[in-house]
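A quick write-up on the structure given underneath.
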């Protein structure tokens, strides 16, 4: 259920409704807008309905949320978009974010070189994998805590906030010491215990769509983070598996406007994993930005031909500034402004 408070409702009236919701064992999630506060009541629908909130002081109306995803639903924040702030950089609404860096942290020189180049080229955040999910157990699995240390050094040198993947709840503590955004990869989209841990951690979560997941399944996965009280979730379209074999995955650009119809959460696009080929990354990036994406997460490497993993899809660092300029212009078509400095 969604309880819409009157514009004149006092904070005491809002708190009274929250306490009333909690009295029947349901969860209350308040979203305070500039004029109206909306309270989401998550729990047994019949129990909430029996509370008689329609006549409660300060309540404008009670509206059922019909979608199975409640907290991520656009109904929860009618006419509003969630804006996630990371070290002063804003993602969502009119703000566009460019997240760039290597697929994986390989060495100090590679990591710091990439960080300096993307920072100078206009990136908003720096991405890099310290822990890597690989199809083969014999492939490079990442540097682990040494990789996290190098990411921390990259942030210290450039000031860029860090986006890095969490694969195992046992690694949560060291990841939290370094990360500004926790990435949950496509293979872990439905690892519900991990999602709950990420939600409780309190940092923004970048949640990638699974290889064969529907948009509803992606939004239901986001619910696991949101229900823990963490409202800062970034949805990421990274390509889905189809019958096409000409490229690695099919980038579902239609997901951008559809997710924006269904949800208030920001939508990020990963063109690197969808393409699998460097030559396709730029056109897919421009298309995603022009279609209204709230940001792009792209792989960039100083020497991609020497990369330990995913070299063919990583942009060459020496061309990043030109790429970033083109993406910024494409985002402007959709009415967005690149947010790459603290507000």
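The values are calculated or read from the model by the stated rules, or taken from the named source; none is laboratory data. Note that this is a predicted model, so its numbers are computed, not measured. Positions of Cβ are backbone-derived with ideal geometry, glycine not excepted, and every protein chain shown enters the neighbour counts.
In segment 254-277, how many are in contact (Cβ under 8 Å) with a residue 12 or more places away in the chain and surrounded by fewer than 18 Cβ atoms within 10 Å (Cβ to Cβ)?
First, the residues of segment 254-277 that are in contact (Cβ under 8 Å) with a residue 12 or more places away in the chain: 255-277.
Those left that are additionally surrounded by fewer than 18 Cβ atoms within 10 Å (Cβ to Cβ): 257-258, 261, 276-277.
Summing the residues that are in contact (Cβ under 8 Å) with a residue 12 or more places away in the chain and surrounded by fewer than 18 Cβ atoms within 10 Å (Cβ to Cβ) in segment 254-277 gives 5.
Any residue at all in segment 121-135 that's part of a helix (DSSP H, G or I), surrounded by fewer than 24 Cβ atoms within 10 Å (Cβ to Cβ) and in the same structural domain as residue 296 (by TED's automatic domain parsing)?
Yes - at least one qualifying residue is present in segment 121-135.
Pick out the one residue from 284, 280 that is in contact (Cβ under 8 Å) with a residue 24 or more places away in the chain, farther than 25 Å from residue 83 by Cα and surrounded by fewer than 24 Cβ atoms within 10 Å (Cβ to Cβ). Spell out the reasoning first.
Numbers: 284 fails: farther than 25 Å from residue 83 by Cα.
Step by step, each of 284, 280 is checked, and only 280 is in contact (Cβ under 8 Å) with a residue 24 or more places away in the chain, farther than 25 Å from residue 83 by Cα and surrounded by fewer than 24 Cβ atoms within 10 Å (Cβ to Cβ).
On the basis of being over 25 Å from residue 221 (Cβ atoms), in a strand (DSSP E or B) and outside the structural domain of residue 264 (by TED's automatic domain parsing), does residue 35 make the cut?
no
Considering 324, 307, 275, which residue is modelled with pLDDT of 95 or more and either under 18 Å from residue 250 (Cβ atoms) or in contact with a strand residue (DSSP E or B) (Cβ under 7 Å, 6 or more places away or on another chain) (or both)?
On the way: 307 fails: modelled with pLDDT of 95 or more; 275 fails: modelled with pLDDT of 95 or more.
After ruling out the rest, the residue left standing is 324.
Which of the numbered conditions does residue 120 fail, given that it passes all the others? Conditions: (1) touching a strand residue (DSSP E or B) at 6+ places or on another chain (Cβ under 6 Å); (2) touching a residue at least 60 places away in the same chain (Cβ under 8 Å).
(1)
Could you pull out the residue among 79, 142 that is buried (at least 22 other Cβ atoms within 10 Å of the Cβ) and part of a loop (DSSP other than H, G, I, E, B)?
142
Pick from 14, 48: which is touching a strand residue (DSSP E or B) at 6+ places or on another chain (Cβ under 6 Å), at pLDDT 85 or above, part of a helix (DSSP H, G or I) and under 22 Å from residue 228 (Cβ atoms)? Please lay out each step first, then the result.
Working: 48 fails: at pLDDT 85 or above.
Testing whether each residue is touching a strand residue (DSSP E or B) at 6+ places or on another chain (Cβ under 6 Å), at pLDDT 85 or above, part of a helix (DSSP H, G or I) and under 22 Å from residue 228 (Cβ atoms) leaves just 14.
Where residues in segment 305-343 are touching a helix residue (DSSP H, G or I) at 6+ places or on another chain (Cβ under 8 Å) and not in a helix (DSSP H, G or I), which of them is farthest from residue 91 (Cα to Cα)?
Once the filter is applied, the top-ranked residue is 310.
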